[in-house]
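Undergrad: This is the structure I have questions about; it appears just below.
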Amino acid sequence: MGAARYDFGVSAQPSRGATQARRALARLRAEVRLTGLAFWRGALSFYDSEDLTFAASIAYYSLLSLFPFLLLALSIIATLTSTESDRAAVLDFVLQYFPGQFPFVTRQLDAMQQAPGRLTAAGSLLLIWAAMGVFGAITSAINHAWGVEKQPSFFKHKLISFVMLVAASLLLLVALLVVTAASITEAGWFADILARAPALDVLRSFAVRWATTFTFIIVVGLVFYFVPNARVRFRDVWVGAVVTGLLWRVALAGFSFYVRDTSRLESIHGSIAAVVVFLFWIYTSAVILLFGAELTAAYARLRRHRPEEIPAAPAPRL
């Protein structure tokens with residue numbers, strides 16, 4: 001009888017695809033574990049820090065900086081658009097980041113549009129200086145969360161605030177492009193395309209519904225990366241940015257439901273109820289932002305194996 005022949009070489013070795021899948025699953029588990037631990041340590045750091053005081057400072061400066069910033073924004077938009085509908089659409093896009101319409105904001109904007117004043121060079125500089133206040137407060141709070149030992153100098157601090165102001169203005173220009181794209185999707189020829197490809201309509205609905213959240217996540221990620229006076233890596237910030245964006249989305253939905261009827265608030269605060277709601281919403285958003293900063297710093301410490309007593313990343317950046 002002939003000897004039976006068996007081939008054990010191929011079956012004994014695991015396939016390359018299975019090995020890569022196991023490695024990817026192991027990395028995913030490690031990432032989830034690291035994120036959970038960073039979430040816990042970030043919560044502890046938030047509790048033990050002065051972030052609530054920083055959040056109150058951000059809310060205060062937001063109220064002071066709101067109208068100077070909007071006046072500058074309206075001036076920029078007015079030079080780029082020729083119709084009131086475009087400007088109104090951009091403002092509606094901005095107000096999507098708030099849980100409701102605040103009458104004192106819309107009334108002031110209407111007054112600015114009906115009686116526009118000509119800005120002089122000195123007036124423009126004062127408006128820019130006033131609008132930078134909230135960005136300076138955010139810069140100080142995030143540097144505190146990262147445990148930065150060497151704070152930026154006065155002029156560098158103001159320069160960072162000015163760059164953030166310019167970035168916010170550019171974001172409004174992006175909003176203008178989004179509004180223009182939205183008007184294109186309402187055109188008749190595009191409606192014919194949607195009728196032939198229903199998947200595009202689903203994609204458009206998804207993009208419109210989550211555009212504010214995606215924009216918020218991107219902006220928060222850029223803030224977490226560029227603002228700290230430390231050598232931050234992009235892989236340090238994306239987890240904190242996503243968590244911050246999702247928490248903010250949940251808070252926006254809950255706050256919008258709570259303030260759908262402001263009559264009970266007006267019975268307590270009277271005519272300033274809208275201002276109180278506005279400040280409380282900015283305060284809530286600042287709390288979420290600073291918690292995200294603490295989470296990001298904890299995540300960076302865990303990845304770099306750095307103790308709590310030193311900054312989350314090597315400092316200074318420059």
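We did not get these values from a lab; they are worked out from the coordinates using the rules stated. What you are looking at is a predicted structure, and each value in this text was computed from that prediction instead of being measured. Note: ideal-geometry Cβ built from the backbone for every residue, glycine included; neighbour counts use all protein chains shown.
Undergrad: Order these by the 10 Å Cβ neighbour count, fewest first: I310, I58, I128.
TA: Neighbour counts put them in this order, fewest first: I310, I128, I58.
Undergrad: In addition: So, in nm, how far is label A30 from label L95 when the simple model puts each one 7 Å beyond its Cα toward the Cβ?
TA: Placing both labels 7 Å beyond Cα along the Cβ direction yields 5.0 nm.
Undergrad: Measuring from label point to label point, each 7 Å out along Cα→Cβ, what is the L170 to E308 span in nm?
TA: Simple spin-label model gives 3.8 nm for this pair.
Undergrad: Under the rule of at least 5 residues apart or a separate chain, name every residue whose amide H is placed under 5 Å from the amide H of A230.
TA: R317
Undergrad: May I pose another question? Sorting check: for 29-40, 214-225, which peptide has the highest mean count of neighbouring beta carbons within 10 Å, and how do the rest follow?
TA: 214-225, 29-40
Undergrad: Under the Karplus relation 6.51 cos²θ - 1.76 cosθ + 1.60, θ = phi - 60°, what is the ordered set of whole-Hz ³J(HN,Hα) values for the range 24-29, x standing for Gly and Pro?
TA: 5, 5, 5, 5, 5, 4
Undergrad: If you don't mind, another one. Expressed in nm to one decimal, what extension gain is obtained for the pair Y60 and F234 from 0.36 nm per residue of sequence separation less their Cα-Cα distance?
TA: Taking 0.36 nm per residue and subtracting the Cα distance, the gain is 59.6 nm.
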